[in-house]
Every structure is written in C-alpha cells, then in structure tokens.
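Have a look at the structure below, then the notes.
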Amino acid sequence: MLNNLSLQKRLVSGFLVVGLMILVVGIIGWSCSYRLTKHIRTFSDKTFPNTVNLWKVNEAQTRVNASENILLSPAISMDQRQKEITRIKSALKDVEKGWELYKKLTRDSEEDRIYQKALLAWDKWSADSEKFLQFNDEYTGYGCEFTADSGKANTPKVTTGKTAINNCNLGAAEAAIKVIDKMIYFSNTQLYPSFEKATQLILELIAYNNDLANEATKEANIDVSQTNFWIVLFLIIGPVTAVGFGFAFSKPIAKRAEELVKVSNSIAHHNSTIQMQSSYGQDELSKLQTAFYTVASKIGELVNIAQKISGGDLTTQIQHSDTQDEIGKLQNAFYTMNKDLSTLIQRIQESGVQITTSTTQIAASGKELEATVTEQLASTNQVTATAQEIAVTSRNLVKIMDQVAEMTKTTAADAGESRDQLQEMEDTMRQLTEATNSITSKLGIINKKANNINNVVVTITKVADQTNILSLNAAIEAEKAGEYGAGFAVVAREIRRLANQTAVGTLEIEQIVKDMELAVSVGVIEMDKFNNSVNSSVKQVNKISTQIGKVINQVQSLAPQFIQVSESMEEQSQGAVQISEVMEQLTDASRQTVNALQETNSALEQLEEASQLLRSEISRFQVKDLSKKR
C-alpha cells in the first residue's frame with residue numbers, strides 16, 4: 001500500500017500519525033488536569049468553606065443555648081445575667097455572619113433543599129430565643145436577686161448597682177419565681193426542641209458536604225489511575241512509532257538517492273556500463289529511477305554507435321545504398337545507425353529536460369517537507385513547555401492542598417478545646433446539682449425545726465392562758481379578802497399583765513414561724529424545680545458534647561482526604577514531567593528527521609547538477625530535426 005503513495009504523502013502520513021499521538025497525549029493531560037482542578041475547586045470553593053461556616057453557626061448556637069440555660073437559674077447575680085445576655089447577642093451575630101458567608105457559596109439542588117429547611121428551623125429557633133429574652137427582661141424588671149451563702153437561703157433583696165436598698169417583698173419574689181417557671185417551661189417545650197431541630201439540620205448539611213468530599217476524592221483517584229495508564233501506554237507507543245516511521249521513510253530515500261547520485265556521476269564521466277534496475281513504484285524517486293534507467297540504456301547505445309562512428313557528425317547526410325556488397329551494407333548500416341542515433345539523442349535531450357523538471361519538483365517537495373517538519377518541531381517544543389507548566393502548576397496545587405490540610409487540623413484542634421470546655425461545664429452543672437440537693441435537705445431540716453418551734457409556741461400559749469386564768473382567780477380571791485388581799489391583788493395584776501404580754505409575743509412568734517414555714521416551703525419547691533432544670537441542662541450538655549464529638553470526627557476525617565488529593569496531585573506532577581521527557585525525545589527524533597531531509601535535499605541538488613552536466617554533454621551532438629521530416 002505504501003509503495004503506491006508518493007514520497008510527500010508518505011511523510012505527511014507519518015507525521016500526521018505522530019502529531020495525532022501528541023494531540024491525544026495533550027488531550028489526556030489537559031483532561032486530567034481539568035478534572036483534578038474541578039475536584040480541587042469542589043474542596044476549596046464548596047465543601048471546606050461550607051463545613052467551616054456551618055461549624056461556626058453550630059458553635060455559636062451552642063454558646064447561645066449554654067447562656068440561655070444559665071439564665072434559667074435564679075441564683076445568678078444581675079451582673080452575671082447581663083454578661084450572659086451580652087454573650088448571647090455576640091453569639092447571635094456570629095450565627096448571622098456564618099449564614100451570610102454560607103449563602104454566598106455555591107450549592108447544588110439537594111444541599112439547597114436541606115439549607116432551606118435549616119433556614120426555616122433557624123428562624124423558628126431565633127424567634128424562640130427572642131421570646132426567651134423577653135421573659136428574662138420581665139424577670140429582671142422585678143429587681144429581685146436570689147443568692148445562696150453556705151447552704152442557707154437569704155431573703156430576696158432589691159439591688160441598684162451593688163448596694164442593697166430594701167428587702168424585696170414576697171409578692172415580687174413570687175412573681176419573679178413564676179417568670180423563672182415560665183422560662184423553664186418554655187425552654188423545655190419550645191426553645192430546646194427548636195434548637196435540636198436546627199442543630200440536626202446543620203449537622204445534616206455538614207454530613208452532606210463530607211459525602212461530596214468523599215465522592216470527589218474517589219473520582220480524583222480514578223482519574224489519576226486512568227491518566228497514568230494512558231500516559232504510560234503512549235510513552236511506550238510514541239517513541240516506538242516515531243523511530244519506526246523515521247527508519248521506514250529515511251532508509252529508502254537515502255538508498256535511492258545514493259543510487260541516483262552514482263548513476264548521474266557515471267553518466268557524467270561517459271561510463272555506460274553502469275547497471276541500474278527499473279523501478280515499478282509510484283513515488284517520485286521510483287519514477288526518477290525508471291527515467292534514469294531509460295536514459296542509461298539509450299546512452300549506452302549512443303556510446304556504442306559513437307565508438308563505431310568514431311566521433312562523426314550525426315548531421316552528415318548518409319544516403320541509403322542499393323548495393324549489396326560490404327560497402328553498401330556498411331553504408332546502409334551507417335545510415336540506419338545515424339538515423340537511430342539521431343532519434344536516440346533527441347530522446348535523451350527530452351529525457352534530460354524531464355529529469356531536470358522532476359528533480360526541481362522533488363527538491364521543492366523536500367523544502368516544503370523540511371518546513372513542515374520544522375513547524376512540527378516548534379509545535380513539539382511548545383507541547384514540552386506546556387507539559388512543564390502543567391508540572392509546575394501541579395506542584396503549586398500540592399502546596400495549596402498541604403495548607404488546606406493544616407487549616408483542617410487547626411479547626412479540629414479548636415473543636416477539641418470546645419469539647420473540653422463543655423466537659424468542664426458538665427462537671428460544674430453536676431456540682432451545682434449536688435449543692436442544690438444539699439440546700440433542699442437543709443431547707444427540709446429548717447422546716448422541721450420550725451414545726452418544733454410552733455409546737456413550743458403552742459405550749460407557751462397554753463401556759464399563758466392558764467397563768468391568765470390563775471391570775472384572774474387570784475384577783476377574785478384578793479377581792480374577797482379585802483384589804484388583806486391588796487398585795488396579793490397587785491401580784492395577780494402583774495401576773496395577768498405578764499401573761500398577756502406572753503400571749504402577744506407568742507402570737508408574734510407564731511406569725512413569724514408561719515411566714516418562715518411558707519418561705520421555706522416555697523424555697524423547697526423552687527429548689528426542686530431548679531434541680532430538675534439543672535438535671536435537664538446536664539443532659540443537654542451531654543448531648544451537645546456528643547454532637548460536637550461527631551462534628552470533630554467529621555472535620556478530622558477531612559485531613560486524610562486532603563492528603564490523598566495532595567498525593568494524587570504529586571503523581572500528576574510526576575506524570576507531567578514524564579510527558580515532558582517523552583516530548584523531548586520526540587523533539588530529538590524530529591531534529592533527526594530534519595537532518596535527514598536536509599541530506600536528501602543536498603543529494604537532490606547534486607542530482608540536479610549531474611542532470612545539468614548531462615544536458616551539457618548531449619548538447620555537443622548535432623542532430624537533424626526529425627519532427628519536421630515527420
């Protein structure tokens with residue numbers, strides 16, 4: 001099949017195959033780089049920023065919930081309560097800032113669906129938090145501050161700054177306690193469930209981004225494996241194909257060019273004994289070889305006739321002889337020889353023109369082919385430079401992925417510190433529970449002592465009543481005794497006056513004891529409620545700590561994935577370096593082809609010089625114009 005193609009078509013076909021392979025390698029490299037860039041953008045522009053911002057929102061919500069749980073306690077001071085309000089407002093600003101940053105990032109339809117649900121849950125939780133703060137404002141409006149010192153309940157007091165002005169009345173204290181009850185009930189029934197739902201949806205968004213990161217990592221590994229396979233395959237096929245085409249095209253060209261040069265030199269030196277076979281190929285060199293074969297055979301006949309004529313002038317008129325003797329036969333032989341020799345020389349002249357034309361065409365084709373190969377060499381150099389740029393870009397991406405992995409480790413460490421702080425808060429809440437139980441037991445003891453005091457007061461009241469009756473009887477007896485009982489009557493009056501004072505004091509003591517029993521009962525009830533609230537807060541803190549642990553594990557799982565992507569980028573960089581080395585080898589092969597073409601052009605120039613020399617030698621012969629005769 002190749003024998004029927006021209007030399008130009010053979011060379012163009014060979015370089016087209018090599019160029020196609022280079023194009024395929026470039027497309028594979030570009031495709032892999034594009035896909036890996038897409039995966040990296042998924043990490044840097046989507047999953048990692050989304051996870052960080054969602055974590056900020058979750059952490060800020062947790063701080064708000066912790067401060068709200070502290071506000072449920074009536075035992076904290078007004079200053080501490082104001083500090084918690086300030087922390088809540090600061091945390092809410094952090095939540096809004098986290099949502100604003102998250103809104104600016106790209107999301108797919110599934111993530112946007114979860115985000116819309118989370119946004120509704122966050123609005124519900126935000127509204128509940130605002131209502132909770134309104135309850136707190138209502139509580140602080142009563143101005144009552146409940147304190148506890150060494151396990152004993154102090155009387156509620158109204159404070160301005162740090163100085164107590166007067167005692168808080170019992171009605172205001174009861175109203176403040178009812179507001180605390182409302183806050184606890186609202187927290188358990190509405191605020192905490194809405195917080196749980198919002199937290200669950202945020203964790204769902206974080207898990208979704210984590211799944212996207214895992215999927216991108218798997219796809220990146222698959223792309224790198226496929227790219228490495230194709231690169232290795234073309235690294236093997238490319239050099240083999242280039243070397244094969246180089247030998248297949250350069251060897252026949254050089255061989256035939258050498259034969260043509262030898263024949264041309266022999267003809268130029270009047271050597272007609274040179275042997276050359278005719279070629280049946282359709283390329284330019286085969287046609288030139290066939291033409292030289294015809295020319296050589298005719299020149300051989302011309303030389304033989306010239307040797308017989310001994311350099312005679314072929315324009316001499318030789319008449320045909322009718323005689324049959326040796327001279328006539330010789331004349332007829334010279335006539336025939338002259339006629340045939342003239343025809344042969346004319347044909348040689350025409351063939352010389354054809355040879356010159358063919359040589360010129362071949363030289364032009366060689367120049368064009370040399371220019372094409374030179375352009376191909378320049379393209380190969382450009383591809384090599386591009387492969388080197390890909391390698392440099394891959395190294396830069398590896399550095400960026402290392403930085404991202406370091407940021408992930410820092411985030412995980414910060415989250416671990418937050419979990420430790422929650423653990424400390426949990427321990428504090430347990431201690432508060434134990435202190436509350438101790439206060440409740442002490443209040444129970446006080447209640448029992450108050451009952452004992454009440455019993456003693458009842459006994460004193462009875463004694464006072466009996467004393468009063470005795471003094472009355474004594475007064476009656478003194479009246480009966482007359483003046484002899486006057487002193488006894490004075491004693492009876494004093495006893496009755498003391499009995500009345502004792503009764504009045506006993507009533508006051510009884511009223512004080514009843515007030516104390518009422519206050520102790522209210523304190524016991526409120527401490528029970530506060531104990532239940534603290535226990536609920538401990539459970540919530542445990543659950544929050546568990547959720548934060550899950551988030552930490554998810555954030556920590558991102559670091560190995562970033563390391564895998566970094567390793568993949570390193571492999572891609574090595575692949576780009578290998579591509580660059582292969583392209584350099586291909587560049588060397590192209591340079592060798594250019595050198596071979598330059599040698600071919602040089603041989604063609606020598607062939608053209610030989611053709612010109614042949615025409616110069618043939619021009620010495622003078623022949624008759626046979627065309628006119630025809």
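Values in this text are rule-based calculations from the coordinates and carry no lab data. This structure is a prediction, so every number in the text was calculated from the model and none was measured. Backbone-built Cβ (ideal geometry, glycine too); neighbour counts: all protein chains shown.
Extension gain for E605-D420 works out to 57.7 nm (0.36 nm per residue, less the C-alpha to C-alpha distance). When M527, M21 are sorted by how many other C-beta atoms sit within 10 angstrom of their C-beta, beginning with the fewest, the order is M21, M527. Here the calculated FRET efficiency for S616 and T336, from their Cβ-Cβ distance with R0 = 30 Å, stands at 0.60, rounded to the nearest 0.05. The share of C-alpha pairs in region 479-562 whose separation exceeds 15 Å stands at 79 percent.
Here the spin labels are modelled as points 7 Å beyond Cα on the Cα-Cβ line, and at N396 and D137 they lie 5.4 nm apart. The reciprocal of the average 1/r between distinct C-alpha atoms defines the Kirkwood hydrodynamic radius, which for region 423-495 equals 16.7 Å. Counting other Cβ atoms within 10 Å as a rough exposure proxy, the listed residues V551, V491, V524 run V491, V524, V551 from fewest neighbours to most. The calculated FRET efficiency for N214 paired with S438, based on their beta-carbon distance and R0 = 45 Å, is about 0.30.
Given R0 = 51 Å, the distance between the Cβ atoms of K97 and I512 translates into a calculated FRET efficiency of 0.35.
The rule of thumb for compact globular proteins, 2.2 N^0.38 Å, goes into the C-alpha radius of gyration of region 570-611 2.00 times. Extension gain, N542 to I236, is 104.0 nm, computed as 0.36 nm per intervening residue step minus the present C-alpha separation. Of K182/K529; K197/K218; K103/K197; K56/K83; K89/K124, which pairs sit farther than 23 Å apart, going by alpha carbon to alpha carbon? Over 23 Å apart, Cα to Cα: K197/K218. For a label point 7 angstrom out from the Cα of Q431 toward its Cβ, which stretches of region 532-556 have the backbone nitrogen within less than 17 Å? So the set is 534-535, 538. Place a point 7 Å from Cα of K550 in the direction of its Cβ. Which residues in region 182-202 have their backbone N less than 14 Å from it? Zone members listed by number: 196-202. Simple spin-label estimate for Q578 and S557 gives 3.2 nm between the two label positions (7 Å along the Cα-to-Cβ direction from each Cα). For region 414-552, taking Cα atoms only, Rg and Dmax work out to 29.8, 101 Å respectively. Estimated at 0.36 nm per residue, the fully extended path between N452 and T189 surpasses their Cα-Cα distance by 90.6 nm. For a paramagnetic label modelled on D465 (point 7 Å from Cα along Cα→Cβ), amide N atoms under 20 Å away belong, within region 483-504, to 495-504.
With 10 angstrom as the radius, rank L443, L119, L201 by how many other C-beta atoms surround their C-beta, starting from the fewest.
The most exposed by this proxy come first: L119, L201, L443.
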